[in-house]
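The values are calculated or read from the model by the stated rules, or taken from the named source; none is laboratory data. This is a predicted model, so every value here is computed, not measured. As a convention, Cβ positions derive from the backbone with ideal geometry for all residues, glycine included, and neighbour counts pool all protein chains shown. SASA here: full protein model, heavy atoms, side chains in, ligands and nucleic acids out. Shrake-Rupley method; radii C 1.70, N 1.55, O 1.52, S 1.80 Å.
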Amino acid sequence: MVESKVFPRRKGFYVRMKLFPHKNCRAQEKSFFIRYYKWLLWVSLSLYFFTSYYISHNHESHGTSDRMPRTHLSNSKSFPSRALIESSNTTFLRQVQQNQGLLEEVKVFVYDLPPQYNVEWLSNERCSNHLFASEVAIHRALLNSDYRTFDPLEADFFFVPVYVSCNFSTVNGFPAIGHARSLISSAVSHISSHYSFWNRTNGSDHVFVASHDFASCFHTMEHVAIADGVPSFLKNSIILQTFGVKYKHPCQDVEHVVIPPYISPDSIQNTLERSPVTGRRDIFAFFRGKMEVNPKNVSGRFYSKKVRTMIWRKFNGDRRFYLQRHRFPGYQSEIARSVFCLCPLGWAPWSPRLVESVALGCVPVIIADGIRLPFPSAVNWPEISLTVAEKDIGKLGTILDHVAASNLTTIQKNLWDQRNGRALLFHNQVEDGDATWQVIRALSEKLDRSYRRSRVSKE
């Protein structure tokens, strides 16, 4: 009994002793580990140099411009929003600095006209807030701008601040512009008799704002506007106007810049604070505005070329479409909840919905054949909007469904770039990239009209 218990214990002890190296084996074991470590070090260094070469070579083959996006992508795993925002802001600031260098030498002289031409109209609060109020906003921004010069001899351009859109009808509340031609003509007579700068160029370096339906033709009905044309005293000047089309039209038969209609930046900001652009959008297709059941106006003309009436008749009962014909104070909140915002023509092709849709992140669906959109160098309209031909109104539902199922995400990503909304909004002071800044940029491309520049070049 004793041997059977002791023997297994001694045998196990013997086996364990064989596993541990004795004195003669220690040298062999040491030699083995040295060889092993050398082999491991060689493999590690080989992998390191091979990987370094591969990464370096791969980056060089793609150019240096590819390095930054790769870095941001790798970091985005931990901080996606911060990396994207910092990258976007850095790019934007770099572009602003480059463009600022091009614009910093542009100088604008703002005429100090008698108050009956402008500030007296501000007694009505609507004057500075309605959709035609860009004439007020641009004036205010230039007065506080670094682009303004108080020395007319240094000026490239001369801004004539006349508010013609603040005479609101007591019947329907809409701006009445029947007095526009006579008021502007009077202003031209004033500056030409008190200053020498209009007469030396016949007004070619003078800038006016015409923010109404058919711009410098100064009439809300197209057939009358076409018949009247641009007043002869403005034919040589530069007009900042909301109206623009891609085909020949008498109301753009003048040097001009297409600008957006006025939307209050404060109202946009207040809406975005409650409903950010990346928030929930539970309305598929939205429109609120004038939609005549019978499109023929009392004038005998068809409003919106029947387009709005066709939308109402075709899609009013369609659950995908949220169509409303009456005003609503929370109108912008509905835009912020919508995926697609319909922007059909009214009497004129342009619409304030274009600005509101872009600023609030709703894909604008432009239904106005031949329209020319504002600031295409700043806003890449084809990448952030849809254009539907007037004749294809009946297919609108199918078109929107197709976009929603295919490239909607890409369009929204492009649209939600804050630079788009910024370029379409006027502020009381010029901000880098905003609508007044875009106006200055457009004027910088017309410096051949600058009397001062042409005189310097001749000398």
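Subtracting the Cα-Cα distance of Val171 and Asp112 from 0.36 nm times their residue separation leaves 18.0 nm of extension gain. Remark: region 327-338, residue by residue, has Karplus-estimated 3J(HN,Hα) of 5, 8, x, x, 3, 5, 5, 5, 4, 5, 9, 9 Hz, where x stands for each Gly or Pro and the curve is 6.51 cos²θ - 1.76 cosθ + 1.60 at θ = phi - 60°. For region 342-442, the orientation-averaged shadow of the C-alpha convex hull comes to 6.8 nm² (one quarter of the hull surface). Take the Cα of Ser192, step 7 Å toward its Cβ, do the same at Leu153, and the gap between the two points is 2.5 nm.
For a Förster distance of 25 Å, can you work out the FRET efficiency between the beta-carbons of Arg200 and Glu104, rounded to the nearest 0.05? Please report the intermediate quantities before stating the final value.
Numbers: r = 25 Å, r/R0 = 1.01.
That pair, Arg200 with Glu104, gives E of 0.50.
Whose amide H sits under 5 Å from the amide H of Phe159, counting only residues 5 or more places off or on another chain, with H placed in the peptide plane? Amide H to amide H, under 5 Å and 5 or more residues apart or across chains, Phe159 pairs with Phe109, Val110, Tyr111, Val207. For region 136-252, carbon and sulfur atoms together expose 52% of the accessible surface, with a 1.4 angstrom probe and every protein chain in place.
Residues of region 202-234 with an amide N closer than 16 Å to a point placed 7 Å from the Cα of Ser454 along the Cα-to-Cβ direction: 202-207. For region 297-377, the alpha-carbon coordinates run over 36, 35, 22 Å along the three principal axes, in decreasing order.
What ranking, highest mean first, results for peptides 225-235, 425-435, 368-378, 403-413 when packing means the other Cβ atoms within 10 Å averaged over each residue?
Working: 225-235: 16.5, 425-435: 20.0, 368-378: 18.2, 403-413: 13.5.
So the order, starting with the most tightly packed, is 425-435, 368-378, 225-235, 403-413.
Using the Karplus relation 6.51 cos²θ - 1.76 cosθ + 1.60 with θ = phi - 60°, the per-residue 3J(HN,Hα) values for region 106-113 come to 6, 10, 10, 9, 9, 5, 9, 7 Hz, with x marking Gly and Pro.
Lysine pair count for region 265-423 (Cα-Cα distance under 29 Å; residues 8 or more apart in sequence or on different chains): 20. Note on surface exposure: Arg126, Arg422 rank Arg126, Arg422 by accessible area, highest first, 1.4 Å probe. Once both labels are positioned 7 Å from their Cα atoms along Cα-to-Cβ, the gap between Asp392 and Ser232 label points is 4.5 nm.
Calculate how many DSSP beta bridges within region 265-423 are antiparallel, expressed in % of all such bridges and rounded to the nearest 5.
Numbers: 1 of 15 bridges.
Of the beta bridges lying entirely in region 265-423, close to 5 percent run antiparallel.
Calculate the spin-label point distance for Met221 paired with Tyr247, positioning each point 7 Å from the Cα along the beta-carbon direction, and give it in nanometres. Spacing of the two 7 Å Cα→Cβ label points: 2.2 nm. Compactness of region 265-423 is given as radius of gyration and Dmax, 15.0, 44 Å, from Cα positions.
Overall, the accessible surface of region 350-415 at a probe of 1.4 angstrom is composed of carbon and sulfur to the extent of 54 percent. 3J(HN,Hα) along region 354-371, derived from phi through the Karplus expression 6.51 cos²θ - 1.76 cosθ + 1.60 where θ = phi - 60°, amounts to 4, 5, 4, 5, 5, 5, 9, x, 9, 5, x, 10, 8, 10, 6, 4, x, 5 Hz, with x in place of Gly and Pro. In this structure, the amide hydrogen of Thr387, modeled 1.01 Å from its nitrogen in the peptide plane, lies closer than 5 angstrom to those of Ile366, counting only residues at least 5 positions away or on a different chain.
Proximity of backbone amide H atoms, modeled 1.01 Å from N, is registered between Phe286 and Tyr322, Phe340, Cys341, Leu342 at under 5 Å, excluding neighbours fewer than 5 places apart on the same chain. Rolling a 1.4 Å probe across the protein heavy atoms gives region 101-221 an accessible surface of 41 Å² per residue.
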